[in-house]
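Nothing in this text is a laboratory measurement; each read-out follows from the coordinates by a stated rule. In this text the structure is predicted, and so the values were computed from the model without any measurement. Glycine gets a Cβ as well: all are built from the backbone with ideal geometry, and neighbour counts include every protein chain shown.
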Amino acid sequence: MKITLVEDEPMVAKRLHRFILEVVQDKASITTFNNLDDAQDHLAATTTDVLFLDLNLHGKDGFSLLHEHLAEPYHTIVVSANTDRALDAFELGVLDFIGKPFTKERVEAALQRYFDASFKGQCKRLSYKKHDKLHFVSLDDIQYIQASGHYSEITTKSDVVILHDKHLDKLMQLLPDIFMRVHRSYAVSLNEIESVSQKSGAKYFAHLKSGSTIPVGRTKFEALMAALQR
């Protein structure tokens, strides 16, 4: 397990480093940075599993790193005294937000969310921001989700398209198994599929109850058919 820690206060970084090691013991290697520039270079050059991120780093805003790395597969745990920004952080898809000052127990609880795969699929709705307000869409109201660059477009049963700040890869880590990745750019609710067709050139499509049609990848077709027959 590779952990990247970004914190500009030496004593806080040392304390957090110690707590993480006490929790994960020999299961992790930790790389620490005290500024955003070095952290960004590191994240671009290597892989990490969990990023612990302060939001105020020598006057620079840690949110800039979150925005630039929305599509990355690692999970982010924010550690900050600016608890008023927790809502914005969760909207960007962070795994947890730890307020300062913090305890070992709080750090352990945040890491447990990473280790405990059972948190996947527990959400009942997705949050998204529109006109500076936080809104929610029920998972039961979602037809399919399409990747759109670093973001995702959620299409509801009423054909309303919602832009979500989180990449499809990250959304799939949260969604229950009723949502299936059927194409590199599409995930769909199995409950919304009415039929599946094959056309010339080994092209597959899922036809939804709403009348919409989405592509199905050739490598996903057999798994989709098996899931629909369960």
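Worth pointing out:
- Residue of 114, 204, 128 that the Gaussian network model of the chain assigns the largest fluctuation, springs spanning Cα pairs under 10 Å: 204
- Within the stretch 141-169: backbone nitrogen closer than 12 Å to the residue 178 label point (7 Å, Cα to C-beta): 141-143
- Under 10 Å, Cβ to Cβ, from residue 183 - net charge with Lys/Arg +1 and Asp/Glu -1: +4
- Sorting 91, 192, 105, 68 by the number of Cβ atoms found within 10 Å of their own Cβ, with the fewest placed first, yields 105, 68, 91, 192.
- Evaluated over the stretch 125-228, the Cα radius of gyration and Dmax, each in Å: 13.6, 46
- Modelled spin labels at residue 198 and residue 226, positioned 7 Å past Cα toward Cβ, are 1.7 nm from each other.
- Gyration tensor (alpha-carbon) shape descriptor, the stretch 2-119, a/c threshold 1.5: rounded
- Taking the fewest neighbouring Cβ atoms within 10 Å as the starting point, the ordered list for 186, 74 is 74, 186.
- Three-way shape call for the chain based on the alpha-carbon gyration tensor, with the a/c threshold at 1.5: prolate
- Counting DSSP beta bridges with both ends in the stretch 2-119, the antiparallel % (nearest 5): 10 percent
- Net charge over other residues, Cβ less than 12 angstrom from the Cβ of residue 127 (K, R count +1; D, E count -1): +3
- Stretching the chain fully between residue 103 and residue 29 yields a gain of 24.6 nm (0.36 nm per residue, less the alpha carbon separation).
- Extension gain, residue 115 to residue 86: 0.36 nm times the residue separation minus the Cα-Cα distance gives 8.3 nm.
- Cut-off 12 Å between beta-carbons: net charge of the residues surrounding residue 101, Lys and Arg +1, Asp and Glu -1: +3
- Within the chain, percent of DSSP bridges classed antiparallel, to nearest 5: 65 percent
- Residue order, fewest to most surrounding Cβ atoms within 10 angstrom, among 132, 140: 132, 140
- Projecting the Cα atoms of 176, 190, 204 onto the charge dipole of the stretch 170-224, computed from C-beta unit charges around the Cα centre, puts 204 farthest toward the positive end.
- Length gained when the stretch residue 190-residue 60 is fully extended (0.36 nm per residue, less Cα-Cα span): 42.5 nm
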